[in-house]
There are 2 protein chains.
Amino acid sequence: MTDESLNNTFSALADPTRRAILARLAVGEATVNELAEPFSISLQAVSRHLKVLERAGLITRGRDAQWRPCRLEVAPLDSAAEWIERQAQVWQSRFDQLDRHLQETQRQQKEAQE
Amino acid sequence: MTDESLNNTFSALADPTRRAILARLAVGEATVNELAEPFSISLQAVSRHLKVLERAGLITRGRDAQWRPCRLEVAPLDSAAEWIERQAQVWQSRFDQLDRHLQETQRQQKEAQE
DNA sequence: CTCTCATTTAACCTGCCGGTTGATTAACTG
DNA sequence: CAGTTAATCAACCGGCAGGTTAAATGAGAG
């Protein structure tokens, strides 16, 4: 997973409209018009959001006559999840270390008292 | 997990400098100066990045004389991971549905041939 | 009290992001 | 071919994000 790729994925996910589009696509493929319908923004704006999602690899687009159906791609989502989980794991182990260290310190203090 | 909260978390993670700061903090607490050292940007810029991370709840800051040590907070990372995984799961089940449907269709076609 | 060090705040600049409207391309339909 | 529908491209605009430098604040140290 390249750094640039993480940039694209996270900034794509940072916009609520784009997250809503992804949620909609989870139900099934959809065209630009269908995706734009629930929103109060222009078709062109939605088209741009789709381009962002495409660049992030989160969707791919087919061709069916004049329609361009969008479908989800799960791979970059997995990569993002992987990065996050690796971080969470390292942080947690760091906390565990601190925790052990704290307990060790307390134990030694207790011994010193006796 | 509120929508606004997801916005903050994802856009905080979307910047490579901030991800590097988080990675550094995973090793242990650090002050602003220590965090700024590896980067070629000004101290003030780092201070701002820290404010973004703080607003996203990804770090908290203590007070030790004139130093403001930063430490990680794992909770929002967990929330983000949760959202991503839920999405990935829904997408995957959607793919599985399509897959079953495809197999069903093929089976029926095969039966029709016989 | 003064000096120094760590950090933040303020003011500013620049570029990108998300939105708009208008024109254009692509593909079907009569 | 002319007309319609789907989608994109182009030009523009306002706001915010991330960077800078200069000034202000907070907390020790002498």
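Computed 3J(HN,Hα) for segment B:24-34, one whole-Hz value per residue from the Karplus formula 6.51 cos²θ - 1.76 cosθ + 1.60 where θ = phi - 60°, is 4, 5, 5, 6, x, 4, 7, 8, 4, 4, 4, glycine and proline marked x.
Summary for A:Met1: label point 7 Å along Cα→Cβ; distances to the equivalent points in the other copies, ascending, 1.4 nm. Modelled spin labels at A:Gln44 and B:Gln66, positioned 7 Å past Cα toward Cβ, are 5.4 nm from each other.
Can you list, shortest first and in nm, the gaps between the label point of A:Gln92 and those of its counterparts in the other copies, using a point 7 Å from Cα in the C-beta direction? Label-point separations across copies, in nm and ascending: 1.7.
All of the numbers you see were taken from the coordinates with simple rules; none came from a lab. Because the structure is predicted, anything quoted here is derived from the model rather than measured. In this analysis, Cβ positions are derived from the backbone assuming ideal geometry, glycine residues included, and neighbour counts consider all displayed protein chains.
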